[in-house]
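The values are calculated or read from the model by the stated rules, or taken from the named source; none is laboratory data. For clarity, every value in this text was computed on a predicted model and none was experimentally measured. Don't worry about glycine lacking a Cβ; one is built from the backbone with ideal geometry, like all the others, and counts go over all protein chains shown. Heavy atoms of the whole protein, side chains included, go into the accessibility calculation; ligands, DNA and RNA do not. Shrake-Rupley method; radii C 1.70, N 1.55, O 1.52, S 1.80 Å.
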Number of protein chains: 4
Amino acid sequence: MALTPEQAAEIERQRSTVTTTSRAVSPGLEEVLYSAHEVLDHGFVRVIDYMGNDDAVVQAARVSYGTGTKKKRSDAGLIRFLMRHRHTTPFEMCEIKLHVKLPIFVARQWIRHRTASVNEYSARYSKLDREFYLPAKEHLAAQAGAAGRQGRGNILCDEQADRVLASLKGDSALTYQHYEQMLSSENQQGLARELARINLPTSIYTQWYWKIDLHNLLHFIKLRTDRHAQLEIRLYAEELARLVRLWVPTVWGAFEEYEQGAINLSRSQAELIRRRVAGERITHGESGLTAREWKELCEVFDFGS
Amino acid sequence: MALTPEQAAEIERQRSTVTTTSRAVSPGLEEVLYSAHEVLDHGFVRVIDYMGNDDAVVQAARVSYGTGTKKKRSDAGLIRFLMRHRHTTPFEMCEIKLHVKLPIFVARQWIRHRTASVNEYSARYSKLDREFYLPAKEHLAAQAGAAGRQGRGNILCDEQADRVLASLKGDSALTYQHYEQMLSSENQQGLARELARINLPTSIYTQWYWKIDLHNLLHFIKLRTDRHAQLEIRLYAEELARLVRLWVPTVWGAFEEYEQGAINLSRSQAELIRRRVAGERITHGESGLTAREWKELCEVFDFGS
Amino acid sequence: MALTPEQAAEIERQRSTVTTTSRAVSPGLEEVLYSAHEVLDHGFVRVIDYMGNDDAVVQAARVSYGTGTKKKRSDAGLIRFLMRHRHTTPFEMCEIKLHVKLPIFVARQWIRHRTASVNEYSARYSKLDREFYLPAKEHLAAQAGAAGRQGRGNILCDEQADRVLASLKGDSALTYQHYEQMLSSENQQGLARELARINLPTSIYTQWYWKIDLHNLLHFIKLRTDRHAQLEIRLYAEELARLVRLWVPTVWGAFEEYEQGAINLSRSQAELIRRRVAGERITHGESGLTAREWKELCEVFDFGS
Amino acid sequence: MALTPEQAAEIERQRSTVTTTSRAVSPGLEEVLYSAHEVLDHGFVRVIDYMGNDDAVVQAARVSYGTGTKKKRSDAGLIRFLMRHRHTTPFEMCEIKLHVKLPIFVARQWIRHRTASVNEYSARYSKLDREFYLPAKEHLAAQAGAAGRQGRGNILCDEQADRVLASLKGDSALTYQHYEQMLSSENQQGLARELARINLPTSIYTQWYWKIDLHNLLHFIKLRTDRHAQLEIRLYAEELARLVRLWVPTVWGAFEEYEQGAINLSRSQAELIRRRVAGERITHGESGLTAREWKELCEVFDFGS
């Protein structure tokens, strides 16, 4: 796994250092503070710090509504109302700081979420460790569908999987060996780290501190737990989802009801459902939907034959 | 109306200055460039500049998909696909710059959209004009519902409307008169502009240049054309909607289909619809929805009695 | 002052609720958590929550430098290095949440800082309180300089100040009285709150929760403690500066050395200083600087006559 | 070079398509629109679109100052004033859209600038081309200084350079060969593109559309033309600088005077200069500066011995 004995000891030290505070506290998150939650073969997610909890969302919302809504609505009801009507600013009032270890190709997808703060390990300052992501056999899948599609199809047969793994393993070992040779100052000047690292593959692990507010984190989770997201980042997003549930359980419940589990109907789809509910039979031919939209709709609602 | 003769002449001059360019052009928007579209009693929206058109969205999307999707899909189909799957970054590739004149209380709601650039008229540098928003009689409405609600209810009766208008008109005239007296340097030192203006009401007009990308503009339009938005900003948002339709007609069509006209079903609502489509009778009692959510659902889908 | 007895009791309750946490703590800020720091006649700033401290900045920076710089530099030395070289991302790793009560004209300047989260009291949901900013006599100043300048000049004479204060006081009282009359549902329908409030002056107080990271807060402080900033927002910025000093004393020291107390020389100014240090006499005539730039340079460096 | 014949023909087509517009035009940038400016061995920068010019900055600033400053100041003088006082918002009113081809390790540094829009070529949708960055021999340098430093020192000797180039060339060729084998559907299922690409090195080229406003672009240029930036991204930044000079020559001049060529003195350094200008002798011993700060100061100002 991903932690050295020094790191494990440091985490133990952090966890056992307890002070008092008058700030809002999330009991669920205090439980797992600093602990490494493993993702992929060498990666992890650690909560380093956080600000706010379910109450902080309520508190911020109540300032907006002033004396008006005080006590009119329960806290859970207010959170559901906010989520349902996409009043997103109170969710920005909570913040979390994570330590994440992840392969570079995942980091490249991750960093596209711009409303966050990042401090990444710099391969210009320090040498990268010899840790590469090697997919589990059950995750080695063929290209899905035709040209111009993303995503994975069937799992590879054992024999082909072995070939692929051997290739990935061999190449990463080789490039790392050359990386070390280029850096070495034995009988030569060591090549600049910023140059030596350019030939390392994007499967190598990097790490960073990543800080984001709850609203933007939920957006990240929504996009990255989607079935179109690449499996590897999806596994991180699912770990983040578990942490959010510990941190702000009421917010998480509302998020599942109104976002994760929600269904967005286009204007035409809504019209079809309206007619169907009113008793009409609906067929693709007269629906006006593309094949793909019709298929997606039928996956959710059973129009019969 | 809002324009002085000098401003009208300046707009004429700008409109008639034509040069050549190799850049993408939007014929629809060139037609109305610089023109003042009136909103409220003294306000307006003017398009000062823009970048990109429907094709620019397609072009940016095609770089993502590489050789993969080239020609696979029509341009309009691709734009609808992007909108449907919330692939929002290609819509950020278009940009628009507007000159807007608007009352301060509208400006305060407007500025909450942070992903935009603003240059506002400064009342520290220059004197504000004597222009105040006075609602049309048909827009003078009573407070809606109970305590802790926003929004408007019934239109006021004529007599009460006259009282309100007299009050609004009288107070703004009075405070402006005092504003000028405080600024005046006749027989006294003129008070600093930055102080004299603090007692002017939020119904006074200000103006700004506002620049935003198409993705964020569509988000603005979605939120501010909503029936919960205050009428005054809604009228501006509707004017912006008309301009977007001229600018990027294909994007606008997709936006109407997948965003403006779309319906978001919560997990529980989707489950109810699923059961209803499968033939079950649904009643509020067994639905698990709050009264409000049930009501909203019934407004869209007719469950019969 | 700005607090009602209920608010004071609530603050006492918040301050006395103490829990344990394993998170980073700032002893200086815990001391003043929730307390109201008065600004202007009815305003305040309260720290509601925070995340991180001096160590958190160091920790984030060390992840970037990896094993490379560990222990090479003291923590204070590292913070000064980061500030000096404008490595700003580690300062984003600290976050603060404030409750601020402030006049609307100050809020309008404040909100221009976009990288922050805000929940403001809504005058559509609730009635505004009868609290207006009335400048202290010693702050009532004449307009500075000629047309097209911002800022304040001489303090007004006593008699004129009295006239100004009477005018500000009278108008705000009058408009508030009309506000209440329009809202009243005695013998009439109460006008919608969102309309009734449009004639209130920008000197009326509003309040909000405002959350921002340390990097952007320092930027706010730099711009808003500047002598060109309007006095009223400057007083808030100075209160924020005091809070930052309590929160992250080492960061604050570095900020004073490398930002607040720093001097930026233009290319031409630097060249002049270079020549002067090398022993040359420098005069405005041969300097190539505008009168204003020359004057500013001479205010800092004494070139003799 | 980086362009295929199809691309060259497409660029020719784009350049020769000329329409009329009433928008602001930058003659300098129209000249080079769509053309590929080569950077590194296979990279380029192309201007695809832009909005605004020097006049647009002035126009936005003048709306802030209202009637106050109209015609008081020349346009160039106003731009210099804005740059000098860091009134940055008018510079946000110009926007540029670029097509950039660049190695992944450069893209990873580039993307850290968050206030921009990006559409990147997706290796999940399409196959990457066989193009890797191979440093020129004169850019192959040894690691600078001691542990915990970034940057490059001496150029490698010829023999070592040859070894390094052979290693970089060999590994990238090998991993690309394996990439194609894994993707191949001859006698096997092709591995999913999103997996096959993980072992490609960060020296492989990617491409994206990148859109940013002028203020943030200048900030990018300032940071990335700095001598501490890695050479490879610095070469891109210098190309961007050339394009900005063509686009908004007056802004560029002001930027050189007040930003690129400016010198920032810390509080202590400013005090030392003050004393030196007043005639004192200054030595490191009594300066209070660290060795590094003293050295940097002496590089700029000659204190004699």
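In chain D, the beta-carbon sitting nearest the axis that superposes D on A belongs to the residue given here with its distance in angstrom, D:Arg114, 2. Between A:Glu186 and A:Glu138, the FRET efficiency from the beta-carbon distance, with R0 = 51 Å, is close to 0.75. Between this copy and the others, label points of A:Asn264 are 0.9, 4.0, 4.1 nm apart in ascending order, each placed 7 angstrom from Cα in the Cβ direction. Name the shape class, rounded, prolate or oblate, that the alpha-carbon gyration tensor gives for the range D:228-269, where a ≥ b ≥ c are the square roots of its eigenvalues, rounded holds for a/c under 1.5, and otherwise prolate holds if a/b is larger than b/c and oblate otherwise. Since a/c reaches 1.5 but b/c is at least a/b, the shape of the range D:228-269 is classed as oblate. Assign one of three labels to chain C, namely rounded, prolate or oblate, based on the Cα gyration tensor with a ≥ b ≥ c the square roots of its eigenvalues; rounded applies when a/c is under 1.5, prolate when it is not and a/b is larger than b/c, and oblate otherwise. Oblate.
How would the range D:1-61 be classified by its alpha-carbon gyration tensor: rounded, prolate or oblate, with rounded meaning a/c under 1.5 and the a/b versus b/c comparison settling the rest? Before the final figure, lay out the partial values.
On the way: a/c = 4.22, a/b = 1.77, b/c = 2.38.
Taking the square roots of the gyration eigenvalues as a ≥ b ≥ c, the range D:1-61 is oblate.
Normalising the average separation of contacting C-alpha pairs (under 8 angstrom, six or more residues apart) by the number of residues puts the relative contact order of chain B at 22 percent. Here is the size of the range B:98-226 from its Cα atoms: Rg then Dmax, 17.9, 54 Å. Starting from the exponent 0.38 and prefactor 2.2 Å, build the expected Rg for the range B:97-139 from its residue count and divide its actual Cα Rg by it. Against the empirical 2.2 N^0.38 Å value, I get 1.38 for the range B:97-139.
Taking every residue in A:129-137 and counting other chain Cβ atoms within 10 Å of its Cβ, the average works out to 1. What you get for chain B, charging only the Cβ of Lys and Arg (+1) and of Asp and Glu (-1), is a dipole of about 1200 debye around the Cα centre.
The residues of the protein assembly as shown have, on average, 39 Å² of accessible surface per residue, using a 1.4 Å probe with all protein chains present. Amide H contacts under 5 Å for B:Ala142: B:Gly153, B:Asn154, B:Ile155, B:Leu156, C:Ala192, restricted to partners 5 or more places along the chain or on a different chain, H placed in the peptide plane at 1.01 Å from N.
Count the net charge of all other residues whose Cβ sits under 14 Å from the Cβ of A:Ser16, scoring Lys and Arg as +1 and Asp and Glu as -1. The answer is -1.
Reported value for the range C:157-305: 219 Å³ per residue, from the convex hull of its C-alpha atoms.
Distances between equivalent label points of B:Thr115 across the copies, with each point positioned 7 Å along Cα→Cβ, amount to 0.7, 1.5, 1.6 nm, shortest listed first. Averaged over residues, the count of other Cβ atoms within 10 Å places the peptides C:181-188, C:209-216, B:212-219 in the sequence C:209-216, B:212-219, C:181-188, highest first. In this simple spin-label approximation, C:Glu31 and A:Arg242 carry label points 7 Å from Cα along the Cα→Cβ vector, and these lie 4.2 nm apart.
Go ahead and estimate [θ] at 222 nm for chain B from helices alone: -39,500 (n - 2.57) per DSSP H run with n ≥ 4, summed, over the residue count, rounded to 500. Kindly include the intermediate steps, with their values, before the conclusion.
On the way: 13 runs with 137 residues, N = 305.
It comes out at -13500 deg cm²/dmol, rounded to the nearest 500.
How far is helix D:75-84 tilted, in degrees, relative to the longest principal axis of the Cα atoms in chain D, given as a value from 0 to 90 rounded to the nearest 10? For helix D:75-84, the angle is close to 90 degrees.
Could you work out the per residue convex hull volume over the alpha carbons of the range B:233-305, in cubic angstrom? Walk me through the numbers before you get to the answer.
On the way: hull volume 9.0 nm³, N = 73.
Once divided by residue count, the hull of the range B:233-305 is 124 Å³.
3J(HN,Hα) along the range D:111-120, derived from phi through the Karplus expression 6.51 cos²θ - 1.76 cosθ + 1.60 where θ = phi - 60°, amounts to 5, 5, 7, 7, 8, 7, 10, 9, 10, 9 Hz, with x in place of Gly and Pro. The Rg/Rh ratio of the range D:131-203, with both radii computed over alpha carbons and Rh defined as the Kirkwood radius, is 1.16.
With Cβ to Cβ distances under 9 Å as the rule, what net charge do the other residues near D:Gln260 carry (K, R +1; D, E -1)? Write down the numbers at each step before the final one.
On the way: positive: C:Arg267, D:Lys222; negative: D:Glu256, D:Glu257, D:Glu259.
Around D:Gln260, the charge tally is -1.
Projecting each Cα onto the charge dipole of the range B:153-305 (Lys/Arg +1, Asp/Glu -1 at the beta carbon, about the Cα centre), which of B:Leu231, B:Ile198, B:Leu297 comes out farthest on the positive side? Towards the positive end, the residue furthest out is B:Leu297. Of the solvent-accessible surface of the range B:93-243, computed with a 1.4 Å probe and all protein chains present, 48% belongs to carbon and sulfur. Other residues whose C-beta falls under 13 angstrom from the C-beta of D:Val47 contribute a net charge of +2, scoring Lys and Arg +1 and Asp and Glu -1. Sorted largest first, the spans of the alpha carbon positions of the protein assembly as shown along the three principal axes are 95, 87, 69 Å. Only lysine pairs 8 or more places apart or on separate chains count here, and in chain C those with Cα atoms under 24 Å apart total 11. Taking the longest Cα principal axis of chain A as reference, the axis of helix A:158-183 is set at about 50 degrees. Each label point was placed 7 Å from the Cα along the Cα-to-Cβ direction; for C:Ser74 and D:Arg234 their separation is 3.2 nm. Plainly put, the tip 7 Å out from Cα toward Cβ on B:Asn154 is 5.9, 7.2, 9.3 nm from that tip on each other copy, the closest given first.
Where nothing but the Cβ of Lys and Arg (+1) and of Asp and Glu (-1) is charged, how large is the charge dipole of the protein assembly as shown around its Cα centre, in debye to the nearest 20? Display every interim value, and only then the final one.
Values: 164 positive and 156 negative charges, 0 e Å.
Once rounded to the nearest 20, the dipole reads 0 debye.
Taken as Cα centroids, the range A:22-63 and the range C:133-173 sit 49 Å apart, rounded to the nearest whole angstrom. Taking amide H as placed 1.01 Å from N in the peptide plane, B:Asp49 has its amide H under 5 Å from the amide H of B:Lys97, each at least 5 places away in sequence or on another chain. With the simple spin-label model, which puts each label point 7 Å out from Cα in the Cβ direction, the B:Arg267 to D:Leu223 separation comes to 3.9 nm.
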